[in-house]
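Have a look at the structure below before the remarks.
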Amino acid sequence: RVFSPEVDCVSGKVFFRAAAGLGELRKLRSGERLFLLLKKHSPLPVSGSRGKMLEEIKSFVIEEPKYWLAIISVWRKLHGHEGRTGDDCQENASGLKRKSEEETNTASKRQKTEQVRAVVSEECQVKAGETCVAPERMSSQECWIDSKTSSEFPSKGSGENPAANEEPGFSFRVSCRCSGAIAKILTSQEIGRALGVALVRRCGWRTDLRDPDLEIFVHLNDIHSVVGIPLFRLPLANREYIKTAGLRSTVAWAMASLAEISAGALVLDPMCGLGTILLEAAKEWPEACYWGADISDSQLEGADGNIRTAGLMDKIELLKASVKALPLPSESFDSVISDIPFGKKFKTTKDAQLLPDILQEMERVLRVGGTLVLLLSQELRRHADGLTRCAGGDPADSDSGAAPAPAPSVDGNSSSSAQGGGESVLSRHFGSLVPEGVYAVSLGKTDAFIHKYRKVSAAGN
Amino acid sequence: KLGHPSELPPEPVPNYEGGEEFLRRLHHVLLEVEVLEGALQCPDSGRRFPISKGVPNMLLTEDEA
């Protein structure tokens, strides 16, 4: 999207280079936040001594004030264009483009090992077909510098530095996240505090927790050590066209991008809630027709409000309808995309039967060759896998022997959930829905899985 | 039946594709009119589905489902 010859994805971060204007970068859709990469090294050596570790970290992050002045001027150029014109900085895209190209060039000439690259973080993807690996669990929290700390050191800060290196009144905040071996010795809080103190001392800045001028992100784990500053005031995931957020916009966009929406396509979200998936899809692929259904009045009102705010009334239709009985003709949609609600635990037979009913209607309205993209919890995906793969005993299924390990455990789960009586969950196969990929995503506190299917034949064949 | 100025004939007339006035009214009704309050009626059963704030309520009752 933002043309880049080098893209490196690792542990929830995507590193890439771009000579693009800010307006273009703001349009990136699958990343939560976008940072300008200042430093990227291999993991810092871990010693048992906390003092020694802190010194290591400080010497990695902290530089001469001159370095930080240069960073501030880069940051000012970036944020100067954003603040006044609102969130959407598309004006003067060509002017901005030239500027950031210059910056990219000068920055790379300037420093020894540092190159200015853009970092997109917090979206984890797994190649299609592989069983997913849960995204890296961050064992620690973000850390803000305590404002009390800064007040202890004002004299030291101003005493040391010549006027040229000072930015009086300039405020900052260090956000530190660490995991892995380092986290066993030090907490992010301690590291953040130490870095904050050192920066106050070195550059004469002051700390501000709530609304700093500059935010410095430091991420340390077993894979790399990274320092960056945010490119925009607001995270990429904050969409100016969405009034009330439901599902994470990044995940919604990712789901829509898997659905293969082409011009003239009919796309349905039969449990649309606030309509986030439809909004992301309609914004990115406006030449299609979008339908959303939900049983809740309040959700539909929220969705309606979102659609009007986004100016997408002529693209998205809403219906008050139940996904178990869709008032829509069979084989009428090219794609069905949905976030299956999973606040409930699947304990009763009734709950366990919800998924087959839902899948049945979704499958019915989907045309042959159409795509089905679902967001499922860990619990739900086991049920779904059991429904969309032929049972192991089917002689026609030559792949049953090669089926991955989850299959036997699915049987175990399904039969126990059907204990309450009524039809077995496995008695209904959806052989016409062929799985085409599973992608692990993080929803913050929980993980979820995007499942993609294709309808390869009419039901019952 | 929209109770709307641009009324349409009950059936398309032969060669309706050539009738500019008809096409314009049809386009208007299909693409430019949004029903905020009203109803959709099933042509077979006659069952009415109310429309409120632009959203038709297509939920079936316990008996209908």
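The values are calculated or read from the model by the stated rules, or taken from the named source; none is laboratory data. Nothing here was measured: the structure is a model prediction, and the numbers come from that model. FYI the Cβ positions are ideal-geometry reconstructions off the backbone, even for glycines, and counts take in every protein chain you see. The protein model used for the area step is the full one, side chains on, heavy atoms only, and it has no ligands, DNA or RNA in it. Shrake-Rupley method; radii C 1.70, N 1.55, O 1.52, S 1.80 Å.
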Looking at the stretch A:215-227, is at least one residue of a type in the set (Gly, Ala, Ser) and surrounded by 23 or more Cβ atoms within 10 Å (Cβ to Cβ)? no
Do you know which residues across the stretch A:295-307 are buried (at least 22 other Cβ atoms within 10 Å of the Cβ) and within 11 Å of chain B (Cβ to nearest Cβ)? A:Leu300, A:Ala303, A:Ile307
Just one of the numbered conditions (1) open to solvent by 10 Å² or more (accessible area, probe 1.4 Å); (2) in a strand (DSSP E or B); (3) within 14 Å of another protein chain (Cβ to nearest Cβ) is not true of A:Asp334; which one? (3)
Filtered residue count, the stretch B:15-65, keeping only those that are open to solvent by 90 Å² or more (accessible area, probe 1.4 Å), within 18 Å of A:Pro327 (Cα to Cα) and in contact with a Leu (Cβ under 8 Å, 6 or more places away or on another chain): 1
Condition check: free of Cβ contacts under 8 Å to residues at least 12 places away in the same chain and assigned by the TED database to the domain that holds A:Trp75. Does A:Arg201 satisfy that? no
Long-range neighbours under 7 Å by Cβ, at least six apart or interchain, first residue under 19 Å from A:Ser11 (Cβ atoms) within the stretch A:221-247, second surrounded by fewer than 20 Cβ atoms within 10 Å (Cβ to Cβ) and among the β-branched types (Val, Ile, Thr): A:Ile223/A:Val10
Going through the stretch A:261-294 in order, the residues found to be surrounded by 16 or more Cβ atoms within 10 Å (Cβ to Cβ) and part of a loop (DSSP other than H, G, I, E, B) are A:Ile261, A:Ala265, A:Pro270, A:Met271, A:Cys272, A:Gly273, A:Leu274, A:Gly275, A:Trp285, A:Ala288
Meets criteria (under 18 Å from A:Ala237 (Cα atoms) and charged (D, E, K, R)) for A:Glu6: no
Quick check on this structure: which one of A:Leu44, A:Leu54, A:Leu69, A:Leu37 is surrounded by fewer than 17 Cβ atoms within 10 Å (Cβ to Cβ), at pLDDT 80 or above and among the hydrophobic types (A, V, I, L, M, F, W, C)? A:Leu69
Determine if the stretch A:288-301 includes at least one residue that is in contact (Cβ under 8 Å) with a residue 12 or more places away in the chain, hydroxyl-bearing (Ser, Thr, Tyr) and farther than 20 Å from A:Thr244 by Cα. no
Quick count over the stretch A:151-194, residues being at pLDDT below 50, open to solvent by 30 Å² or more (accessible area, probe 1.4 Å) and not in a helix (DSSP H, G or I), is 2
From the options B:Leu40, B:Leu59, residue that is within 11 Å of another protein chain (Cβ to nearest Cβ) and either touching a helix residue (DSSP H, G or I) at 6+ places or on another chain (Cβ under 7 Å) or in a loop (DSSP other than H, G, I, E, B) (or both): B:Leu59
For the stretch A:308-320, indicate whether the set of residues that are in a helix (DSSP H, G or I) and either within 12 Å of chain B (Cβ to nearest Cβ) or in contact with a helix residue (DSSP H, G or I) (Cβ under 8 Å, 6 or more places away or on another chain) (or both) is non-empty. yes
Among B:Glu34, B:Glu11, B:Glu7, which is the only one that is at pLDDT below 90, within 13 Å of chain A (Cβ to nearest Cβ) and not in a helix (DSSP H, G or I)? B:Glu34
Criterion first (modelled with pLDDT of 95 or more, on the phi < 0 side of the Ramachandran plot and more than 26 Å from the chain's Cα centre (by Cα)) does A:Ser338 satisfy it? no
